[in-house]
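Shown next, in structure tokens, is the structure this report addresses.
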Amino acid sequence: MQVLNSTDVVPNHTLRRLIRFWSDSYLLCPQSQASFNNHLAIESVRKLISSEETDEVLLSSLLKIAELAKFSEEGRESLANSEGFLPMLARILKSSNEVEVVELVVTTLDLILFTKEVKERLKKINLDDAFFSPFILVLQKGHLDARISAARVLESLAVFDYESRRLIAEQKGLLNELCHLTNTLTNQTAIDAGLAAIIAISTSRPAKKELLRLGIVRTTGRILSGSENTVTVMEKAMKVLEMVSTSTEGRVEISDDEKCISGVVQRLMKVSTAATENGIVVIWNVCYLSRDRSAQEAAMGSNGLTKVLLVMQSNCSAIVRQMCKDLVKVFRVNSKSCLASYETRTTHITPY
């Protein structure tokens with residue numbers, strides 16, 4: 001601690017506010033449990049939020065809530081189970097256009113949406129456009145941690161409730177911001193959260209078409225081709241491609257991106273069982289279902305025949321094994337070598 005030469009220093013309003021915020025945060029730390037009672041803090045915060053307040057007091061109260069949720073499991077449970085707490089957060093979310101306020105609400109929601117019961121209670125609130133539109137504000141202007149929290153909350157609600165998923169997907173610009181989160185950052189946690197939200201939200205045909213317009217094939221192809229991405233990120237990237245490959249437009253986009261097809265083939269048997277099976281579905285859709293010659297050549301050029309044979313001999317599902325058989329037939333026709341006489345690099349593997 002620095003000792004001042006004189007005590008005749010009067011802090012300005014900004015410094016006073018920072019001191020008060022630091023003091024409030026300190027009281028919520030686990031280290032200060034001896035002088036702090038979680039239940040009393042929750043009660044005082046609830047009283048502060050329930051009345052009309054200035055933005056400064058509101059921000060201070062929300063900071064207390066967020067800090068309590070971060071530092072204490074007991075605090076998270078108490079907040080989640082407090083009567084009227086979730087409607088209060090929803091009301092603030094709908095009425096505020098301050099980035100800092102919305103960030104704290106979204107961060108708190110991310111921390112307390114851990115049980116089905118909490119999601120059920122939140123669903124009973126009127127989750128309309130006014131509730132979901134502030135998430136776009138956070139994704140556009142919020143700090144990275146808040147943007148990750150926003151993506152997680154959107155994913156959680158989209159997976160849990162169909163109506164919420166529909167409303168989220170219809171938010172203009174939201175998918176764009178989620179794609180932006182996965183496309184322009186190197187933070188693996190952010191990319192993972194963005195892809196997870198995209199997977200949960202984009203189940204409808206219009207949503208998938210919007211993803212294609214936003215360049216999701218190019219983005220996922222880059223992720224699969226890169227060496228710095230985590231297993232979970234690559235697994236989700238493969239799942240996104242599998243989703244969009246079910247549409248004609250998606251198959252065209254994938255077929256036109258040689259780097260994407262190459263990335264899918266290269267990652268077979270190298271990420272996870274789920275990623276491998278999703279990858280086979282992607283290749284089957286563009287090479288067998290669509291019979292796209294350029295896609296077939298791109299897959300063969302990346303040693304696709306060998307990879308498909310290896311997958312077929314692995315512990316894959318019956319449906320995927322049948323897809324592999326279909327692909328072997330297609331690749332045999334297009335291969336310069338003859339599989340029947342085993343002139344490939346995989347002579348020891350029999351296809352059937």
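The residues packed around residue 69, meaning those with a beta-carbon under 12 Å from its beta-carbon, carry a net charge of -2 if Lys and Arg are +1 and Asp and Glu are -1. Rounded to the nearest 0.05, what FRET efficiency is calculated for residue 315 and residue 270 with R0 set to 22 Å and r the Cβ-Cβ distance? The value I calculate is 0.90. Here residue 329 and residue 83 are evaluated by their C-beta separation; at R0 = 45 Å the FRET efficiency comes out at 0.10. Once the Cβ-Cβ distance of residue 145 and residue 115 is raised to the sixth power relative to R0 = 22 Å, the FRET efficiency obtained is 0.50. Among the chymotrypsin sites (Phe, Trp or Tyr not before Pro) in segment 131-197, none is located in a DSSP loop while being surrounded by at most 12 other Cβ atoms within 10 Å of its own Cβ. Protection proxy ranking, highest mean first, for peptides 222-231, 255-264: 255-264, 222-231, where packing is the per-residue count of other beta-carbon atoms within 10 Å, averaged. Between residue 185 and residue 172, the simple label model (points 7 Å from Cα in the Cβ direction) yields a spacing of 2.5 nm.
Remark: spin-label model distance residue 73-residue 256 equals 5.1 nm, labels positioned 7 Å along the Cα→Cβ axis.
Values quoted throughout were computed directly from the atomic coordinates according to the rules given, and no laboratory measurement underlies them. Computed from a prediction, not measured in an experiment: that's the story for all the values here. Don't worry about glycine lacking a Cβ; one is built from the backbone with ideal geometry, like all the others, and counts go over all protein chains shown.
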